[in-house]
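Chemist: Dropping the structure in here first, questions after.
The values are calculated or read from the model by the stated rules, or taken from the named source; none is laboratory data. Predicted, not measured: the structure shown is a model, and the values here were computed from it. With ideal geometry, Cβ positions are generated from the backbone for all residues, glycine too; neighbour counts draw on all protein chains shown.
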Amino acid sequence: MKKFIIILTAISLSMFITACGSEDIAGDTNSDSQSNEVDSNTSEDNNTNQNEQEEAESESEAELEIVQTTGGTWKDSIDSVWVHSSAVFENTGDTPVKIGETQMNYKDTDGGILGTSSMIYSVPSVVAPGEKAFISETTILDGVNDASVYGETTYNFNYDITDEKSNLLEVSGVKGTAGADEYSTPYKVTGVVKNTTEEMQDDIRIAAALFAEDGTLQGVLKGSVDVGVNPGSEAGFELTYPEIPREDASNIETVEVKAYGWKW
């Protein structure tokens, strides 16, 4: 009987140890499963965040295009050949962009270079989605004797996404006038710009795009109001530079003006 009790006790102790060992193994297995599940969820979260970031970057793609250009040449009274070139930028993306400097390349009818102009800036320099900016330049083509050899102007420009505001100001009373004779400026634009911001504007940049009745660009005039304009105050402006070909002045039917507060 005593021997039976000892054997029974040994069997019970063996079963208890086996059961405890089984619980330890089960606990380890559950721990691995939970760890794998956490790792899997973390990986999924990282992939989701990466996808959302890529989608946001795709949705915020910067796009700036030149949608209209014009160029023309003429010879002055001392036989210098002049060229006027201008263009309209449009932000076709869905995020504001800042336009850097532009280079203009004046080409002949065979594609050769007659001259270049660099460090030309648009008005405004910051363009919101769907908005436009104007740029222009008039210069002498050194060494060119025949105005008819000019073919076209091409543009090299840079831009980037920005969080800056375009700082556009209100313009009213715009009037365009063609020159009365060959001694007068080919075209003049006048108007009033109002400081609609809450800060003093020390330098206001202005550009006027000139369009024919069918909407084709004839040229762009530019200038500035370089005296301080207080919030709510107005200042008159007169634009005559850069000169456009005189023959194009008679085609102008509409004028679109952009003005913005410029800062370094």
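Chemist: Taking segment 159-189, which residues are within 18 Å of the chain's Cα centre (by Cα) and either of a type in the set (Gly, Ala, Ser) or more than 24 Å from Glu256 (Cα to Cα) (or both)?
Modeler: Selection gives Asp160, Ile161, Thr162, Asp163, Ser166.
Chemist: Same structure again: Those residues that are more than 18 Å from Gln68 (Cα to Cα), part of a strand (DSSP E or B) and either among the aliphatic types (A, V, I, L, M) or at pLDDT below 95 (or both), I need them from segment 107-155; list them, please.
Modeler: Hits for segment 107-155 are Ile113, Leu114, Met119, Val126, Ile140.
Chemist: If Ala180 satisfies every condition in (1) within 16 Å of Phe237 (Cα to Cα); (2) at pLDDT below 95; (3) hydrophobic (A, V, I, L, M, F, W, C) but one, which is the exception?
Modeler: (1)
Chemist: If I filter segment 88-97 for residues that are touching a residue at least 24 places away in the same chain (Cβ under 8 Å), more than 16 Å from Tyr159 (Cβ to Cβ) and in contact with a strand residue (DSSP E or B) (Cβ under 9 Å, 6 or more places away or on another chain), do I get at least one hit?
Modeler: Kept after step one, since they are touching a residue at least 24 places away in the same chain (Cβ under 8 Å), are these residues of segment 88-97: 88-97.
If we keep only those that are more than 16 Å from Tyr159 (Cβ to Cβ) as well, we get none.
Within segment 88-97 (the criterion being touching a residue at least 24 places away in the same chain (Cβ under 8 Å), more than 16 Å from Tyr159 (Cβ to Cβ) and in contact with a strand residue (DSSP E or B) (Cβ under 9 Å, 6 or more places away or on another chain)), the answer is no, since none of the residues qualifies.
Chemist: Going by the conditions given, is Phe211 modelled with pLDDT of 95 or more, of a type in the set (Phe, Trp, Tyr), surrounded by fewer than 23 Cβ atoms within 10 Å (Cβ to Cβ) and under 22 Å from Gly71 (Cα atoms)? Write out each step before concluding.
Modeler: Working: modelled with pLDDT of 95 or more: yes; of a type in the set (Phe, Trp, Tyr): yes; surrounded by fewer than 23 Cβ atoms within 10 Å (Cβ to Cβ): yes; under 22 Å from Gly71 (Cα atoms): yes.
Answer is yes for this residue.
Chemist: Related question: Any residue at all in segment 143-151 that's touching a His at 6+ places or on another chain (Cβ under 8 Å) and either surrounded by fewer than 18 Cβ atoms within 10 Å (Cβ to Cβ) or not assigned by TED's automatic domain parsing to the domain that holds Val257 (or both)? Lay out the reasoning, then the answer.
Modeler: Residues of segment 143-151 touching a His at 6+ places or on another chain (Cβ under 8 Å): none.
Checked segment 143-151: no residue is touching a His at 6+ places or on another chain (Cβ under 8 Å) and either surrounded by fewer than 18 Cβ atoms within 10 Å (Cβ to Cβ) or not assigned by TED's automatic domain parsing to the domain that holds Val257 (or both).
Chemist: Would you check which residues across segment 131-142 are exposed (fewer than 14 other Cβ atoms within 10 Å of the Cβ) and touching a Ser or Thr at 6+ places or on another chain (Cβ under 8 Å) and list them? So that I can check it myself, show each step before the final result.
Modeler: Residues of segment 131-142 exposed (fewer than 14 other Cβ atoms within 10 Å of the Cβ): 140, 142.
Result: Ile140, single match.
Chemist: Output the number of the condition that Val149 fails; it satisfies all remaining conditions of (1) closer than 27 Å to Trp74 by Cα; (2) touching a Pro at 6+ places or on another chain (Cβ under 6 Å).
Modeler: The single condition Val149 does not satisfy is (2).
Chemist: Filter segment 57-103 for residues that are of a type in the set (Lys, Arg) and crowded, with 17+ Cβ neighbours inside 10 Å and give the result.
Modeler: Going residue by residue through segment 57-103, those that are of a type in the set (Lys, Arg) are 75, 98.
Lys98 - this is the single residue of segment 57-103 that is of a type in the set (Lys, Arg) and crowded, with 17+ Cβ neighbours inside 10 Å.
Chemist: Sort out which residues of segment 66-107 are out of contact with any Gly (no Cβ under 9 Å at 6 or more places or on another chain) and among the hydroxyl-bearing types (Ser, Thr, Tyr), and write them in order of number.
Modeler: Thr69, Thr73, Ser77, Ser80, Thr95, Thr102
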